[in-house]
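A short write-up of the structure that comes next.
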Amino acid sequence: MRGVTELMQLLTPDGHRITVVSRARTTELDGSPTAPGGSRSEPPPGAGLPAAGPDSGPGGGEPTIVDIDLPAYVADLTDDELFGLYRDMVLVRRMDEEATSLQRQGELGLWASLRGQEAAQVGSGRALGPDDMAFPSYREHGVAWCRGVDPAAVLAIFRGVNLGGWDPAGHGFALYSIVVGAQTLHATGYAMGMAQDRSPGAAIVYFGDGASSEGDVNEAFGWASVFAVPLVFFCQNNQWAISEPARRQSRTEIFHRAAGFGFPSVRVDGNDVLACLAVTRWALETARAGRGPVLVEAVTYRMGAHTTADDPTRYRSSAELEAWHRRDPLDRMRTHLAARGLLAQERDRRLALEADTFAHELRARCTAMPDPDPTSLFDHVQVTENGLVAAQRSAFAATLDPGET
Amino acid sequence: MTSGAVIAGEQAADVGGERTGEPAGPMPITLAKALNLGLRSAMAADPKVIVMGEDVGTLGGVFRVTDGLLKEFGEARVIDTPLAESAIVGTAIGLAMRGYRPVCEIQFDGFVYPAFDQIVSQLAKLHYRSAGRIRLPVTIRIPFGGGIGAVEHHSESPEAYFCHTAGLKVVACSNPADAHQMIQQAIRSDDPVIFLEPKRRYWEKAVVDPGSPGEPSPNATGGLHSSAVVRAGTDATLVGYGPTVRTCLDAAEVSAADDGRSLEVIDLRSLSPLDLEPVLASVRRTGRLVVVHEAPSNVSVSAEVAARVTEQAFYSLEAPVLRVTGFDTPYPPARLEDHYLPDVDRILDAVDRSFGY
Ligand SMILES: Cc1ncc(C[n+]2csc(CCOP(=O)(O)OP(=O)(O)O)c2C)c(N)n1
Ligand SMILES: [Mg+2]
């Protein structure tokens, strides 16, 4: 597929369009995709746990750069599917804009904007299948969208009406993790279970450049590698962890770290939705095939503030913002679609209308969300009844006005 | 009941001496600004004081408590650390072993737990384990408590975990003047101090004299580990710390106006060690005690206060020691936090119940 090649950007100093670095499993890396939705190699007997995976020995030698025919991983996309990726990004950005304005109007307590990261999230999110399980951080509204989570449920967390209002198992999308990095270990354990169960799926875990410094994340790298779990580490390097630039977290490129842990990695242009889709499809395929974890570093940019509580003018220049503005992932995809004649005026207009309606309805549903029943704060503290909590609940209920419950 | 140990090396640093660029004389400032000025004084007084944490440099901290310090003291002393709490405390231990006085900022209460091992198993125990050879003058600042409408993990009250750990000192400031003084005293302490800052009170103002020197010793009256009567009264005693001191004062105000009751309010200030002398003296006069905090009740600071007051002033008590606390649930979503947090009504209800005995 011609268009993909045009769209994918050079990001690595060594001139590779997309670099896959492998240490332990060079020979295992498959350079071509399996048929979409098609055959997957059964894990070898005993490939589950522990340490009986196909690559249980330590990786040797220098990291090797492997050329993989990534465009082939998106060669099957129809024109409608291509436009669909754009539609996803448009709607997700619109959700983000609406949420930001809802926060300003006091309808949300806080909002963490994903602006600039739509391609990384939609590209990777759309690579996932029904058997896969995603573990987000707190900014993955675009992945939530791809996993069929109601955007209003995402807003509900930031409105402060609940702490996670969707069914993780039903959506293949875990709850948001506000404690930076913790979810990488959950994903690793989940993937250990998937391997044990011979699940046809894989897990993917999202984290940031800042998170890459946390102990949990580095422990997850080690475990996932040792147990060769079916897991894709998807790092959105958006250049900032609140006020600290990515170079404060790591003196090497983040994707280079995987080599030290003995598993392959790839750095991808995170503002290129097709590149992200291709790379994630390849990484998931590698993981699902029992060849262990892969680290994907999607190089992107947090175009907005860290959250609505943040003032980025205190620590970054408008020139930097401007430079990344020119790489806006939505503009990139528009250019691509236009070049392929897929951006007919009528279709574009209809999408704009759809986005307006979507935003309008989302806003209405958000502002209509009632505060929860006060006594619900005592619900689900634990599975079995706790006498202390039960006593506090009854005492509390007795103090409420009749209208309050 | 102050801790009897004499803490070596705690000299009165000259924080009242001439400093440049600091406004002179008493003035109304916020609690956050008071901490900022206290940190500045501590850094000016002792070149070994180092401030470290996430976003404390260029940004000046998410609550701006470290605002301007990077500019004034440079990158070697104000360190924007990588995002790793265990490393912040772990490296602070190493720096302290090398003679530095690190002041670590944990961005929010809910993010201190990745550092739990370094605090509880390392920081708290090295002095004991080394038979006194190692001193770890590390201050860990933690904005704590709820009431700001935040998302999960930003509103917790983790003090009991640390009070339960021998080797740590735990203090909580409640107002700008104390904040200004206590942060300097904590930094001068040769023992590790968990320094809790009531984040919903960061923006409350009071008159502070930035030139006022810290007390000579944290254990002297008015020192870091002494509690304080903040409103005198005769009918019942309210005890709070950190964010609930203001709530107790409000309750005392309402009670005086509506019920004609005179409530004494005591700010614990130090949670470990506890200074219960003023509380016991008060209870011996009033016979009634209500302890108020945001943390859940189970195995909490109020549990310890109630037990000790019962042991030491049993015959003075006219009613059981009552507690007004957060519930024994996780901190709820923001839209329910007003129900969770102790408020004036719940405190006055407890006072009524106390009088009902
Ligand atoms: C354990 C922990 N420490 C600190 C924080 C406060 N905090 C929230 S987001 C953030 C920066 C995260 O940066 P990064 O991982 O790059 O993700 P991004 O916000 O850029 O998406 C920090 C320090 C937290 N949520 N959890
Ligand atoms: Mg980041």
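The values are calculated or read from the model by the stated rules, or taken from the named source; none is laboratory data. Predicted, not measured: the structure shown is a model, and the values here were computed from it. Every residue, glycine as well, gets a Cβ built from its backbone with ideal geometry; the counts of neighbours run over all protein chains shown. Each accessible area value is taken on the protein alone, full model and side chains, heavy atoms only, with ligands, DNA and RNA left out. Shrake-Rupley method; radii C 1.70, N 1.55, O 1.52, S 1.80 Å.
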To check you understand DSSP bridge types, tell me what percent of the beta bridges within segment A:203-302 (both residues inside) are antiparallel, rounded to 5.
10
With a bin width of 5 angstrom, please list the P(r) values of segment B:84-240 as percents of all Cα-Cα pairs, from the 0 bin to the one holding the largest distance.
2, 9, 17, 20, 20, 15, 10, 4, 2, 1, 0
Protein chains only, probe 1.4 Å: how do A:ASP80, A:ASP88, B:ASP328 rank by accessible area, largest first?
A:ASP80, B:ASP328, A:ASP88
According to the Kirkwood expression over distinct Cα-Cα pairs, how big is the hydrodynamic radius of the protein assembly as shown, in Å?
28.1
Quick one: how many Å² of A:HIS186 are accessible to a 1.4 Å probe, rounded to 10?
110
For the pair A:ASP76 and B:SER121, how long in nm is the line joining their label points, each one 7 Å along Cα→Cβ?
4.7
Yeah, segment B:228-355 with a ≥ b ≥ c from its alpha-carbon gyration tensor (a/c under 1.5 is rounded, else prolate when a/b outruns b/c, oblate otherwise) is oblate
For chain B, what is the relative contact order in percent, using Cα pairs closer than 8 Å and at least 6 residues apart in sequence?
18
Summed buried accessible area for B+A [probe radius 1.4 Å, Å², rounded to 100]
3100
Among B:SER130, B:SER174, B:SER41, which one shows the biggest mean-square fluctuation in a GNM of chain B, springs joining Cα atoms closer than 10 Å?
B:SER130
Over 22 Å between alpha carbons, listed pairs B:LYS71/B:LYS199; B:LYS48/B:LYS71; B:LYS125/B:LYS169; B:LYS125/B:LYS199:
B:LYS71/B:LYS199; B:LYS125/B:LYS199
May I ask which residue of B:LEU271, B:ILE194, B:THR247 lies farthest towards the positive end of the charge dipole of segment B:178-313, with charges of +1 (Lys, Arg) and -1 (Asp, Glu) on Cβ and the Cα centre as origin?
B:THR247
Which parts of segment A:376-392, residue by residue, lose 10 Å² or more of accessible area when the rest of the protein chains are there, as against the chain isolated (1.4 Å probe)?
A:LEU377, A:PHE378, A:VAL381, A:LEU388, A:VAL389, A:GLN392
Run the accessible area of the protein assembly as shown with a 1.4 Å probe and give the carbon-and-sulfur part as a rounded percent.
52
Which one of B:ALA92, B:ALA295, B:GLY233 has its Cα pushed farthest toward the positive end of the charge dipole of chain B, where Lys and Arg give +1 and Asp and Glu give -1 at the Cβ?
B:ALA92
Square roots of five times the C-alpha gyration tensor eigenvalues of segment A:241-308, ordered largest first and given in whole Å, equal 25, 17, 9
Classify segment A:154-234 as rounded, prolate or oblate, taking a ≥ b ≥ c as the square roots of the eigenvalues of its Cα gyration tensor: rounded when a/c is under 1.5, otherwise prolate if a/b is larger than b/c and oblate if not.
oblate
Within segment B:71-132, which GluC sites (Glu not before Pro) sit in a loop by DSSP and count at most 16 neighbouring Cβ atoms inside 10 Å?
B:GLU75
Per residue of A:236-244, how many C-beta atoms from partner chains lie within 10 Å of its own C-beta, taken as a mean?
4
Obtain the nm distance between the two label points defined at A:GLU346 and B:GLU204 by a simple spin-label model: each point lies 7 Å from its Cα along the Cα-to-C-beta direction.
6.6
Treat every Asp and Glu Cβ in segment B:197-326 as -1 and every Lys and Arg Cβ as +1, leave all other atoms uncharged, and give the resulting dipole magnitude about the Cα centre to the nearest 20 debye.
140
Rounded to the nearest 5, what % of DSSP beta bridges with both residues in the protein assembly as shown are antiparallel?
25
What residues does segment B:72-102 have that are buried by at least 40 Å² of accessible area in the full protein assembly compared to the chain on its own, 1.4 angstrom probe?
B:ASP80, B:PRO82, B:LEU83
Within segment B:17-102, list the trypsin sites (Lys or Arg not before Pro) lying in a DSSP loop whose Cβ has at most 13 other Cβ atoms in a 10 Å radius.
B:ARG98
Heavy atoms only, probe 1.4 angstrom, no DNA, RNA or ligands counted: give me B:ARG141, B:ARG135 ranked by accessible area, highest first.
B:ARG135, B:ARG141
At least 40 Å² of accessible area lost relative to the chain alone, listed for segment A:123-162 with a 1.4 Å probe:
A:GLY160
In what sequence, highest mean first, do B:231-239, A:269-277 appear when ranked by Cβ atoms within 10 angstrom?
A:269-277, B:231-239
Average silhouette area of chain B, convex hull of alpha-carbon atoms, in square nanometres
16.9
Could you give the size of the charge dipole of the protein assembly as shown about its Cα centre, using +1 on the Cβ of each K and R and -1 on the Cβ of each D and E, expressed in debye and rounded to the nearest 20?
1380
Rounded to the nearest 0.05, what FRET efficiency do A:THR375 and B:ARG308 give with R0 = 30 Å and r taken as the Cβ-Cβ distance? Could you check?
0.35
Averaged over residues of A:397-403, the number of beta carbons from other chains lying within 10 Å of each residue's Cβ is 1
If ligands, DNA and RNA are left out, what is the accessible area of A:ILE157 with a 1.4 Å probe, given in Å² to the nearest 10?
20
Here the net charge surrounding A:LEU85, from other residues whose Cβ is less than 12 Å away from its Cβ (Lys, Arg +1; Asp, Glu -1), is -2
Where A:LEU231, A:LEU110 fall by accessible area, highest first, once all protein chains stay in place (1.4 Å)
A:LEU110, A:LEU231
Take peptide B:330-342, look around each residue's Cβ out to 10 angstrom, count Cβ atoms belonging to other protein chains, and average those counts.
6
Cross-link candidates for B:LYS33: which aspartates and glutamates have Cα within less than 14 Å, leaving aside residues fewer than 8 places away along the same chain?
B:GLU22, B:ASP67, B:ASP178, B:GLU197, B:GLU204, B:ASP209
